[in-house]
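The values are calculated or read from the model by the stated rules, or taken from the named source; none is laboratory data. Since the model is a prediction, treat every value here as computed from it, not as a measurement. Cβ placement follows ideal geometry from the backbone for every residue including glycine, while neighbour counts extend to all protein chains displayed. Accessible surface is based on the protein model in full, side chains and every heavy atom, while ligands, DNA and RNA are left aside. Shrake-Rupley method; radii C 1.70, N 1.55, O 1.52, S 1.80 Å.
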Amino acid sequence: MSYIGRKPIKILSDTHVELDDNSITIQGPLGSLQHPRDNNINITVDENVITVNEPMNAKYRPLWSTTRSLIMNMMVGITQGHSLTLKIVGVGFKAEFFNEKQGKAISQFEKGSKDCKLSLKLGYSHPIYLDIPSSVIKFDLYAKGTVLYIQGIDKAVLSSFAKSIQSFRPPEPYKGKGVLFNNEIIRRKEGKKK
């Protein structure tokens, strides 16, 4: 029996939960999230508790804990938000916000602006431009663009966005250059000796 799946999820006073045949929608102070629902997993919503019931068929039992975790991530995202911190290590490596309409760098992230992009300078001959997902509610750059703090309501989108940033320059073990998560430790290797 799953220890995670059987835990009920408390509905906070400033949130609203809607459950229909195909999806579950949670609205809160930071926004609204919707997730598709599997018909084989029974979800019940009482006055202030969401319960994910154990499926009778053992084939769908792995979805039990996963569904509960996804709903809990949605609840945390719309009330507190999820956050990630990335560090850019390397000489001349940095990030900045770029306004495509004006064609120049801007000092801070404009939430909801489709023209605002993330510009990454990671040692290539050209900067890399990335669209910032709409679920990101706060994005700050510190230490001259070498530390990125991202906060958003959707944990999956936030993690995917952070991984896409890291994919352009993964950390390498010899000099330690690249894009690292804040708590990530890179095992360093010794280079060739003469």
Test residue 73 against the criterion of being of a type outside the set (Val, Ile, Thr), in a loop (DSSP other than H, G, I, E, B) and either under 21 Å from residue 22 (Cβ atoms) or in contact with a Lys or Arg (Cβ under 9 Å, 6 or more places away or on another chain) (or both), and give yes or no.
no
Condition set within 13 Å of residue 73 (Cα to Cα) and open to solvent by less than 80 Å² (accessible area, probe 1.4 Å), scope segment 29-40, selection nearest to the chain's Cα centre (by Cα): answer is 33
Matching residues in segment 1-22 - criterion: being open to solvent by less than 60 Å² (accessible area, probe 1.4 Å) and either over 16 Å from residue 66 (Cβ atoms) or under 22 Å from the mean Cα position of the chain (by Cα) (or both)
9, 11, 15, 17
For segment 162-183 the number of residues that are within 11 Å of residue 86 (Cα to Cα) and open to solvent by 10 Å² or more (accessible area, probe 1.4 Å) is 6
Quick check: is even one residue across segment 75-88 more than 18 Å from the chain's Cα centre (by Cα) and polar (S, T, N, Q)?
no
Show the residue pairs meeting these rules: Cβ distance below 7 Å; 6+ apart or different chains; first residue within segment 40-51 and outside any strand (DSSP E or B); second residue open to solvent by 80 Å² or more (accessible area, probe 1.4 Å) and at pLDDT 85 or above.
48/10
Which pairs do you get when a residue that is of a type in the set (Ser, Thr, Tyr), found in segment 125-143, comes within reach of a residue that is part of a strand (DSSP E or B), reach meaning Cβ atoms under 6 angstrom, with the pair 6+ apart or on two chains?
129/117; 129/119; 135/152
For residue 83, the lone unmet condition from (1) open to solvent by less than 60 Å² (accessible area, probe 1.4 Å); (2) modelled with pLDDT of 90 or more is (1)
Which of the residues that make up segment 85-99 are of a type outside the set (Lys, Arg) and assigned to a strand (DSSP E or B)?
85, 86, 88, 89, 95, 96, 97, 98, 99
Out of all the residues in segment 102-120, which are assigned to a loop (DSSP other than H, G, I, E, B) and open to solvent by less than 40 Å² (accessible area, probe 1.4 Å)?
109, 113
Can you name every residue in segment 34-44 that is closer than 19 Å to residue 65 by Cβ and modelled with pLDDT of 85 or more?
35, 36
Counting only residues in segment 131-152 that are within 15 Å of the chain's Cα centre (by Cα) and surrounded by fewer than 17 Cβ atoms within 10 Å (Cβ to Cβ), the one farthest from residue 103 (Cα to Cα) is identified as 149
Please find, within segment 41-52, the residue that is nearest to the chain's Cα centre (by Cα) out of those that are of a type outside the set (A, V, I, L, M, F, W, C) and surrounded by 14 or more Cβ atoms within 10 Å (Cβ to Cβ).
51
Cβ-Cβ distance below 6 Å, separation of 6 or more or different chains: which pairs start in segment 1-25 with a residue that is under 13 Å from residue 74 (Cα atoms) and end on one that is in a loop (DSSP other than H, G, I, E, B) and open to solvent by less than 30 Å² (accessible area, probe 1.4 Å)?
17/11
Looking only at segment 53-68, which residues are touching a residue at least 40 places away in the same chain (Cβ under 8 Å) and open to solvent by 40 Å² or more (accessible area, probe 1.4 Å)?
54, 61
